[in-house]
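The next block holds one structure in the form of structure tokens; read it before the comments.
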Amino acid sequence: MRLVMIGSGYVGLVSGACFADFGHEVVCVDKDAAKVAMLRAGRIPIYEPMLDQLVAHNVAAGRLSFTTDLAESVRAADVVFIGVGTPARRGDGHADLSYVHGAAREIARNLADFTVVVTKSTVPVGTGDEVERIIRETNPAADVVVASNPEFLREGAAIEDFKRPDRIVIGTEDARARAVLEEVYRPLFLNRSPILFTRRRTSELIKYAANAFLAMKITFINEIADLCEQVGADVQEVARGIGLDNRIGPKFLHAGPGYGGSCFPKDTLALMKTAQDHGAPLRLVEATVAVNDARKRAMARKVIHAADGDLRGKTVAVLGLTFKPNTDDIRDTPALPIVQALQDAGAEIRVYDPQGMEAAEPLLPDVTFARSAYDAAEGASALVIVTEWDAFRALDLARLRAVMVRAVLVDLRNIYQPDEVERAGFAYASVGRSAPHLAEPMLEAAE
Ligand code: NAD
């Protein structure tokens, strides 16, 4: 089949390359000419493991190409996916649909034979109706069906997620569109990946409900972590103890600095706004958003506390800028407000991240970008792990201690064991694993 992907970012490029790998002929379109030039020159604009090889293989096989020319590619297409960004709209937090609507207008003008237009972008309930209205208004004669097919891939594991998804959700009630999309996803049908056909509005809501639920799960364990610190319990063991219950499951129960990234923050906000507009407020989601927002400041306070309550004139090393490992994405990463709060408290900041520094540089003008974790630690009074990159999991603690002014490690991802770090001569703070001295007064109080 001939597929067109409008938008060649994290979702469009991965989906396009994977569809090409399924055997389809795929054209990835982007209006960013520099991005398209890079892709045509064989370079990948984002960091995603194994994506370079997948793209190169499918380009060489003649199945994958890149262009800025939306018109020509749409005219030849059987299926057009919309994979453009839907960021939070400035001011009110609703999803900004201007890129989706703009793409719909451009697509409409160039539709030729029967075409299925599919929104893969995360879009609020009813967006499919609006895309269809725009297309019919722009090109009343077009033979077109608008379907929804939200994407659930995770950055850092995107190819695996796309090729072995937990499920595929397709929102359409049209038999022709269903047949076309069954063909598009044929290899996954053969793999017996669960495929859910549903109504378009339901499909759109499934994506937001899934993201809001996961954000809520993370936020729940983060609040439990705060309680653990007060009562002398260990959140790692609480998470394991509840996660072994099949009804709960072990994933997304890692306490940390709060969720971030290109999806959860904007999607929880957009869902909250949609629900308020429809008179059905989602109070759990509202609480999740508020708790998560406050958490970044709380994490900065944890660092200040570990550094004896005063950061003025001190250097803090920050390891990790991306919102999670194995991506270069820094959109809404907790690292940025944490760095900002530490600077506000008077600290000089030295940062290191294996992939995120290029994107972060314009956003962090008064920060020193280091060449390695050890370079970042040079002269620091505290070292803070914000992102759990593998490269930070087995740091040479003696080597760090030798270059630091004070041996203080604040581990916001709980990737170290308290006793090993303390044995290495560090003062150690983590998340939800309370200092032992807190346990005693509680026991006394219980007697
Ligand atoms: P992105 O910003 O990386 O990519 C979007 C691309 O679309 C950009 O390259 C932009 O230049 C291009 N674009 C915008 N308007 C265009 C137009 N009219 N014609 C051609 N190109 C156009 O965004 P992303 O992270 O890939 O996210 C895309 C959508 O997928 C969003 O709705 C997001 O919520 C959703 N999503 C993202 C992820 C993720 O992990 N990033 C996962 C699931 C769903």
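Amide H contacts under 5 Å for ASP411: ILE385, ALA429, SER430, restricted to partners 5 or more places along the chain or on a different chain, H placed in the peptide plane at 1.01 Å from N. Taking the number of Cβ atoms within 10 Å of each Cβ as an exposure proxy, the fewest-first ranking of THR333, THR86, THR315, THR138 is THR138, THR315, THR86, THR333.
Strictly over 21 Å apart at the Cα level, which of LYS207/LYS296; LYS163/LYS273; LYS251/LYS324; LYS120/LYS324; LYS163/LYS217 would you flag in this model? Let's see the in-between values first.
On the way: LYS207/LYS296 26 Å; LYS163/LYS273 32 Å; LYS251/LYS324 15 Å; LYS120/LYS324 23 Å; LYS163/LYS217 25 Å.
In this structure, LYS207/LYS296; LYS163/LYS273; LYS120/LYS324; LYS163/LYS217 lie more than 21 Å apart at Cα.
Centre-to-centre, using Cα atoms only, segment 347-363 and segment 162-176 are separated by 38 Å. Normalising the average separation of contacting C-alpha pairs (under 8 angstrom, six or more residues apart) by the number of residues puts the relative contact order of segment 210-429 at 18 percent. Here segment 2-198 carries DSSP beta bridges of which approximately 5% are antiparallel, counting only pairs with both residues inside. Sequentially through segment 376-387, phi angles give Karplus couplings (6.51, -1.76, 1.60; θ = phi - 60°) of 4, 6, 3, x, 7, 9, 7, 10, 10, 9, 9, 10 Hz, Gly and Pro residues having no value and appearing as x.
Just subtract the alpha-carbon distance of ASN246 and VAL231 from 0.36 nm times their residue separation and send over the number in nm, one decimal.
Numbers: separation 15, 0.36 × 15 = 5.40 nm, distance 2.65 nm.
Extending this stretch completely gives an extra 2.7 nm.
State the extension gain, in nm to one decimal, for the chain segment bounded by ASP277 and ARG199, taking 0.36 nm per residue of separation less the distance between their alpha-carbons.
Numbers: separation 78, 0.36 × 78 = 28.08 nm, distance 2.12 nm.
Stretched out fully, the ASP277 to ARG199 stretch lengthens by 26.0 nm.
Classify segment 2-198 as rounded, prolate or oblate from the Cα gyration tensor: take a ≥ b ≥ c as the square roots of its eigenvalues, call it rounded if a/c is under 1.5, otherwise prolate when a/b beats b/c and oblate if not. Before the final figure, lay out the partial values.
On the way: a/c = 1.30, a/b = 1.19, b/c = 1.10.
Verdict is rounded for segment 2-198.
If a/c stays under 1.5 just call it rounded; otherwise compare a/b with b/c (prolate if a/b is bigger, oblate if not). Do that for segment 312-410, with a ≥ b ≥ c from the square roots of the Cα gyration tensor eigenvalues. Before the final figure, lay out each step's value.
Details: a/c = 1.87, a/b = 1.18, b/c = 1.59.
Note, shape of segment 312-410 comes out oblate.
Can you check what the net charge comes to around GLU137, using other residues whose Cβ is under 12 Å from the Cβ of GLU137 (Lys, Arg +1; Asp, Glu -1)?
On the way: positive: ARG105, ARG109, ARG133, ARG136; negative: GLU130, GLU132.
That sum, taken over residues with Cβ under 12 Å, equals +2.
Considering only beta bridges that DSSP places wholly inside the chain, some 5 percent are antiparallel.
Here's how it looks for VAL318: its modeled amide H is under 5 Å from those of ARG350, VAL351, TYR352, VAL384, which are all 5 or more places away or on a different chain.
For the pair segment 1-79 / segment 205-260, the C-alpha centres are spaced 36 Å from each other.
When the Cα gyration tensor is reduced to axis lengths a ≥ b ≥ c, the ratio a/c is 1.5 or higher for the chain, and with a/b above b/c it is classed as prolate.
When a footprinting reagent is the concern and you count Cβ atoms within 10 Å, what order do LYS251, LYS31 take, fewest first?
Details: LYS251 10, LYS31 16.
Exposure proxy ranking, most exposed first: LYS251, LYS31.
Inter-label distance, GLU420 to ALA34: 4.1 nm, where each label sits 7 Å from its Cα along the C-beta direction.
How would you rank TYR185, TYR10, going from fewest to most other Cβ atoms within 10 Å of each one's own Cβ?
Values: TYR185 18, TYR10 25.
Least to most surrounded, the residues fall as TYR185, TYR10.
Each other residue within a Cβ distance under 13 Å of MET404 adds +1 if Lys or Arg and -1 if Asp or Glu, for a net charge of +2. Computed from phi, the 3J(HN,Hα) profile of segment 344-353 under the Karplus parametrisation 6.51, -1.76, 1.60 (θ = phi - 60°) reads 4, 7, x, 7, 8, 10, 10, 10, 9, 9 Hz, with x in place of Gly and Pro. Spin-label pair ASP69-PHE189: with each label point 7 Å from Cα along the Cα-Cβ axis, the two points sit 3.3 nm from one another.
Values in this text are rule-based calculations from the coordinates and carry no lab data. Source: prediction; values computed, not measured. Glycine also receives a Cβ, built like all others from the backbone with ideal geometry; neighbour counts cover every protein chain displayed.
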